[in-house]
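Novice: The structure that follows is given in the form of structure tokens.
The values are calculated or read from the model by the stated rules, or taken from the named source; none is laboratory data. What you see is a predicted model; the values in this text were computed from it and never measured. Backbone-built Cβ (ideal geometry, glycine too); neighbour counts: all protein chains shown.
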């Protein structure tokens, strides 16, 4: 099983693209647990909420992985929660860095317009740029493999699809075309 995590600042196309590519590539999509959590409990978050979100995401990934799909597309993971912790509270609890890591991270840059859906924290200006930089820094510190996804919506989709299919071909999950 190959896992790919969509990572980066808010409103950069991660959720829409993860769901779409899971259908097109025959993978399983694990939605962002934090969105559901915030919709149910509100967005006034404490560190305990971030730890609960991380654990809820882990349980969702474990449940999806139990079906043993060839491809598991994660809308987010605990490294993104670590970026939230750094942005909101100036620290990253060690618990957020010990969860299993994806085989590949797709780092979405904030070079598309932010669409506020009521759950956005850092959608505009310097805060969005700072959050994007923290998201990348978390990946660098974790030492994980990542590919930067940028440009317009069509470019993002093409780049994400190419990165995933290249990884799958290299891992012999699919024969290369």
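Novice: Kindly evaluate residue 90 against the criterion of being surrounded by fewer than 18 Cβ atoms within 10 Å (Cβ to Cβ) and either at pLDDT 95 or above or closer than 25 Å to residue 42 by Cβ (or both).
Specialist: For residue 90, the condition - surrounded by fewer than 18 Cβ atoms within 10 Å (Cβ to Cβ) and either at pLDDT 95 or above or closer than 25 Å to residue 42 by Cβ (or both) - is met.
Novice: Any idea how many residues of the range 126-141 are free of Cβ contacts under 8 Å to residues at least 12 places away in the same chain and closer than 14 Å to residue 104 by Cα?
Specialist: Within the range 126-141, residues that are free of Cβ contacts under 8 Å to residues at least 12 places away in the same chain and closer than 14 Å to residue 104 by Cα number 1.
Novice: Here's something else I'd like to know. Hey, does the range 33-44 have a residue that's within 16 Å of residue 138 (Cβ to Cβ) and touching a residue at least 24 places away in the same chain (Cβ under 8 Å)?
Specialist: yes
Novice: Would you pick out the residues in the range 64-113 that are part of a helix (DSSP H, G or I), farther than 16 Å from residue 22 by Cα and in contact with a strand residue (DSSP E or B) (Cβ under 9 Å, 6 or more places away or on another chain)?
Specialist: Passing the criteria: 79, 80, 83.
Novice: Next up: Checking the condition modelled with pLDDT of 90 or more and either crowded, with 18+ Cβ neighbours inside 10 Å or out of contact with any helix residue (DSSP H, G or I) (no Cβ under 6 Å at 6 or more places or on another chain) (or both), which residue from 127, 71 passes?
Specialist: Selected residue: 71, the only one of 127, 71 that is modelled with pLDDT of 90 or more and either crowded, with 18+ Cβ neighbours inside 10 Å or out of contact with any helix residue (DSSP H, G or I) (no Cβ under 6 Å at 6 or more places or on another chain) (or both).
Novice: So which residues in the range 21-49 are assigned to a loop (DSSP other than H, G, I, E, B) and crowded, with 19+ Cβ neighbours inside 10 Å, if there are any at all?
Specialist: Result: 27, 32, 45.
Novice: Working only within the range 142-177, note down all residues that are touching a residue at least 24 places away in the same chain (Cβ under 8 Å), part of a helix (DSSP H, G or I), under 19 Å from residue 74 (Cβ atoms) and over 16 Å from the mean Cα position of the chain (by Cα).
Specialist: Of everything in the range 142-177, those that are touching a residue at least 24 places away in the same chain (Cβ under 8 Å), part of a helix (DSSP H, G or I), under 19 Å from residue 74 (Cβ atoms) and over 16 Å from the mean Cα position of the chain (by Cα) turn out to be 165, 167, 168.
Novice: Could you tell me whether residue 61 is touching a strand residue (DSSP E or B) at 6+ places or on another chain (Cβ under 8 Å) and surrounded by 17 or more Cβ atoms within 10 Å (Cβ to Cβ)?
Specialist: Yes, satisfied.
Novice: For residue 18, work out the one condition from (1) touching a residue at least 24 places away in the same chain (Cβ under 8 Å); (2) within 20 Å of residue 167 (Cα to Cα); (3) surrounded by fewer than 22 Cβ atoms within 10 Å (Cβ to Cβ) it doesn't fulfil.
Specialist: For residue 18, the exception is condition (3).
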